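Throughout, read-outs are computed from the coordinates displayed, never taken from laboratory work. Small disclaimer: the values here were computed from a predicted structure and weren't measured. Because the Cβ atoms are built from the backbone with ideal geometry, glycine has one as well, and the counts that use them run over all protein chains shown.
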Amino acid sequence: MLRGLRKGGVVVDMTTSNPSLAREIAEEATKVGCYAVDAPVSGGDIGAREARLSIMIGGDADVVQSIHPLFSVMGKNIRHMGPPGTYLLLLLLFCYFLFFCLFFFFEAIVANLKVN
């Protein structure tokens, strides 16, 4: 992915992946004199068609600022979250939190049904 990129170029990964992968891509980009940012999106097909995506960006602040106009074409809610992988880590933690909330919610329902 980085082979065709000119020195000083920027690669943008807009997938929702593992935070460690985002950091690894950024490290590899740095080794070849380039930059990498991760920019997972939220908003689905309709948000994409209507340029209303929420874009949460991880990467160097100056690089993110320099490519901000590209993101603004795709979305309205654009946030720099910090270093590479930051938002992906927050998303992962949120998913774990949601899973445990749902798990205990259903456990409470089952316990209530057994009591009654």
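See the values below:
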read-out: Only Lys, Arg (+1) and Asp, Glu (-1) charged, at Cβ; the stretch 10-115 dipole about Cα centre in debye; value: 360
read-out: Segment ASN77-LEU91, length gained on full extension (0.36 nm per residue, minus Cα span); value: 3.4 nm
read-out: Potential extension, THR16-ILE46 segment - 0.36 nm per residue separation minus Cα distance; value: 9.0 nm
read-out: Dimensionless Rg/Rh of the stretch 10-115 - Kirkwood Rh, Rg from C-alpha atoms; value: 1.16
read-out: Estimated distance in nm for a label pair at ARG6 and LYS31, the labels positioned 7 Å out from Cα along Cα-to-Cβ; value: 2.4
read-out: Gain upon complete extension [LEU70, GLU24; 0.36 nm per residue less C-alpha separation]; value: 14.2 nm
read-out: Choice from MET56, MET81, MET14 showing the highest fluctuation, given a GNM over the chain with Cα pairs closer than 10 Å; value: MET14
read-out: Calculated FRET efficiency for the pair PHE100/ALA61, C-beta based, R₀ 30 Å, to 0.05; value: 0.35
